[in-house]
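Undergrad: Take this structure, written in structure tokens, and hold onto it; I'll ask about it next.
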Amino acid sequence: KFLFGGRLIFGPDAKSLIVTLLLIIVPVIIFSVFVGRHLLHQFPLHYAGYAVLVLAVVFNIYVLILLSLTSSRDPGIIPRNLHPPEEEIHYESSVTVDIGGRQTPSLQFPRSKEVMVNGHPVKVKYCDTCMLYRPPRCSHCSICNNCVERFDHHCPWVGQCIGLRNYRYFFMFVSSATILCIYVFSFSAFYIKVLLDREGTVWNAIKESPASVVLMVYCFISLWFVGGLTGFHLYLIATNQTTYENFRYRSDDRINVYSRGCLNNFLEVFCTQVKPSRNNFRAFVQEEVPRPPPPVIAREPEQDLGGDARSKVQDDLDIGEDLLKLSKRRNIEEIYEDIQSRGSNGPPHNTSDVDSVLNSGRAPTTRSEARHSNHGRSGSWEIGQETLASSNVSERSAVVSKENGQEILASSNVSERSAVVSKEIGQEILASSNISERSAVV
């Protein structure tokens, strides 16, 4: 979150800073009104009581300044890359082929690499979010969603990450808050002692100034937090560690390659110049220039000896369609020839039936074909040649037209006489039946 045109930078949980301000300002106001005001004339030295009150207010302002320096400045955010580092991209020798036949090279990023720090190899990791290799002692904050140099931790009380550029002010803020708690607790207890000498009993002294008791309890509880935090960070500074490193590598028995001795470690934190920010938060956003696509290695697709399954199916469909057309043509021609050869000997046929078959473009559906396909192989029946030809013509003339929704049935007199089907049929009819059956299977 930015204020005043990028001059102040806060974390995403900056609202928690309001609670921290109240926890610091409200106790000091209560101390100034109900305790410090009554201590103005309780010291033998002239104006010593005024010094107690003024010092509490000034020290409170100093703590608030340290809080603002900690929470409103760049903790050491590393700028993100718009693209992955090109010098670290490796393309696999094999090319992946998509379903559509497109070929794309698969990218590989080393997840970590080693750099030298004080003569010791240190492993640094690649950040997928920021698309960069993190410098040593850098980590990605999951709350701020940024890589921070010398990442210590994310403090919710200040609403900001604690890193390279604000760790000094964070420690000064915590230690100053500890001193302020001790100061308020001490003078609140002193005022209770003054009232105890005046009233004679502890209960009367408490009833005279209940605010002093409340301040003593509040400061005592706060000392456990800010005081313990101050002691812990004194240990971290003396050993040149961060909170993140201490909690993560405590049981790994790693050599601390960053420690330079206790004195030099303190000088590094408090006496070195704070590095300038890597980000210009007040600059205009640069328009991203599209990059050319990565080179694609063109390779010939390998020949599949077994063939493609989909191409096989397509070829079978084409063959089946050709066989079906041949079967239709042969059946229609046979019907037409039989009608002309019979003349007046056979039953009357309507020429419109043949025309409808020729125009419909569909295979005629007859009962004799069903009988030939189902029962023609198992029966041993004998009929005359004339009856067989008559039944073949009459049965093939039964056409079902799907477009008109009507069934054109052949003459029932001829179909009744063909009650049986002979197993031994002519070579030409057998060949026609086999072609029809094969086209139906395909």
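Undergrad: Criterion first (over 18 Å from residue 219 (Cα atoms) and either surrounded by fewer than 17 Cβ atoms within 10 Å (Cβ to Cβ) or under 50 Å from the mean Cα position of the chain (by Cα) (or both)) does residue 45 satisfy it?
TA: yes
Undergrad: Considering only residues that are among the hydroxyl-bearing types (Ser, Thr, Tyr) and within 30 Å of residue 148 (Cβ to Cβ), look in the stretch 48-77 and name the one that is most open to solvent (accessible area, probe 1.4 Å).
TA: In the first step, residues of the stretch 48-77 are kept if they are among the hydroxyl-bearing types (Ser, Thr, Tyr); the result is 50, 62, 68, 70-72.
So of that shortlist, the ones also within 30 Å of residue 148 (Cβ to Cβ) come out as 62, 68, 70-72.
Numbers: 62: 91, 68: 51, 70: 0, 71: 1, 72: 17 Å².
In this case the residue turns out to be 62.
Undergrad: Scan the stretch 245-264 for residues that are assigned to a helix (DSSP H, G or I) and open to solvent by 70 Å² or more (accessible area, probe 1.4 Å) and report the count.
TA: Within the stretch 245-264, residues that are assigned to a helix (DSSP H, G or I) and open to solvent by 70 Å² or more (accessible area, probe 1.4 Å) number 5.
Undergrad: Just name the residue that is farthest from the chain's Cα centre (by Cα) out of those in the stretch 1-23 that are buried (at least 17 other Cβ atoms within 10 Å of the Cβ) and in a helix (DSSP H, G or I).
TA: 20
Undergrad: I've got another one for you. Which of the residues that make up the stretch 160-185 are assigned to a helix (DSSP H, G or I) and closer than 30 Å to residue 277 by Cα?
TA: Passing the criteria: 167, 168, 169, 170, 171, 172, 173, 174, 175, 176, 177, 178.
Undergrad: Quick one: in the stretch 269-279, which of the residues that are touching a residue at least 12 places away in the same chain (Cβ under 8 Å) and farther than 19 Å from residue 139 by Cβ is surrounded by the most Cβ atoms within 10 Å (Cβ to Cβ)?
TA: So in the stretch 269-279, the residues touching a residue at least 12 places away in the same chain (Cβ under 8 Å) come out as 269-270, 274-275, 277-279.
Within this subset, residues satisfying the condition of being farther than 19 Å from residue 139 by Cβ are 270, 274.
Values: 270: 11, 274: 13.
That would be 274.
Undergrad: Considering each residue of the stretch 109-129, count those that are open to solvent by 90 Å² or more (accessible area, probe 1.4 Å), modelled with pLDDT under 85 and part of a strand (DSSP E or B), and give that number.
TA: Total satisfying the criteria: 2.
Undergrad: Please go through the stretch 130-148 and pick out each residue that is open to solvent by 30 Å² or more (accessible area, probe 1.4 Å) and in contact with a Cys (Cβ under 8 Å, 6 or more places away or on another chain). It would help to see each step written out before you state the result.
TA: Start the filter on the stretch 130-148 by keeping residues that are open to solvent by 30 Å² or more (accessible area, probe 1.4 Å), which leaves 131, 133-137, 140, 142-143, 145-146.
Across the stretch 130-148, the qualifying residues are 133, 134, 140, 143, 146.
Undergrad: Sticking with this one: Every residue in the stretch 97-108 that is polar (S, T, N, Q) and either surrounded by fewer than 13 Cβ atoms within 10 Å (Cβ to Cβ) or at pLDDT 55 or above (or both), please.
TA: Hits for the stretch 97-108 are 106, 108.
Undergrad: Could you run through the stretch 203-228 and say how many residues are open to solvent by 20 Å² or more (accessible area, probe 1.4 Å) and in contact with a Leu (Cβ under 6 Å, 6 or more places away or on another chain)?
TA: Residues meeting the conditions: 1.
Undergrad: Which one of these does residue 201 not meet: (1) modelled with pLDDT under 95; (2) under 38 Å from the mean Cα position of the chain (by Cα)?
TA: (2)
Undergrad: Looking at the structure I just gave you, is residue 157 outside any helix (DSSP H, G or I) and open to solvent by 60 Å² or more (accessible area, probe 1.4 Å)? Explain how you work it out, then say what you get.
TA: Details: outside any helix (DSSP H, G or I): yes; open to solvent by 60 Å² or more (accessible area, probe 1.4 Å): yes.
In short, yes.
Each row is one residue, and each column tells you yes or no for (1) in a loop (DSSP other than H, G, I, E, B); (2) within 30 Å of residue 5 (Cα to Cα); (3) small (Gly, Ala, Ser).
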{"residue": "187", "(1), (2), (3)": "no, no, no"}
{"residue": "192", "(1), (2), (3)": "no, no, no"}
{"residue": "224", "(1), (2), (3)": "no, no, no"}
{"residue": "229", "(1), (2), (3)": "no, no, no"}
{"residue": "238", "(1), (2), (3)": "no, no, yes"}
{"residue": "266", "(1), (2), (3)": "no, no, no"}
{"residue": "277", "(1), (2), (3)": "yes, yes, yes"}
{"residue": "281", "(1), (2), (3)": "yes, yes, no"}
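The values are calculated or read from the model by the stated rules, or taken from the named source; none is laboratory data. These figures come from a predicted structure and were not determined experimentally. Because the Cβ atoms are built from the backbone with ideal geometry, glycine has one as well, and the counts that use them run over all protein chains shown. Accessible surface is based on the protein model in full, side chains and every heavy atom, while ligands, DNA and RNA are left aside. Shrake-Rupley method; radii C 1.70, N 1.55, O 1.52, S 1.80 Å.
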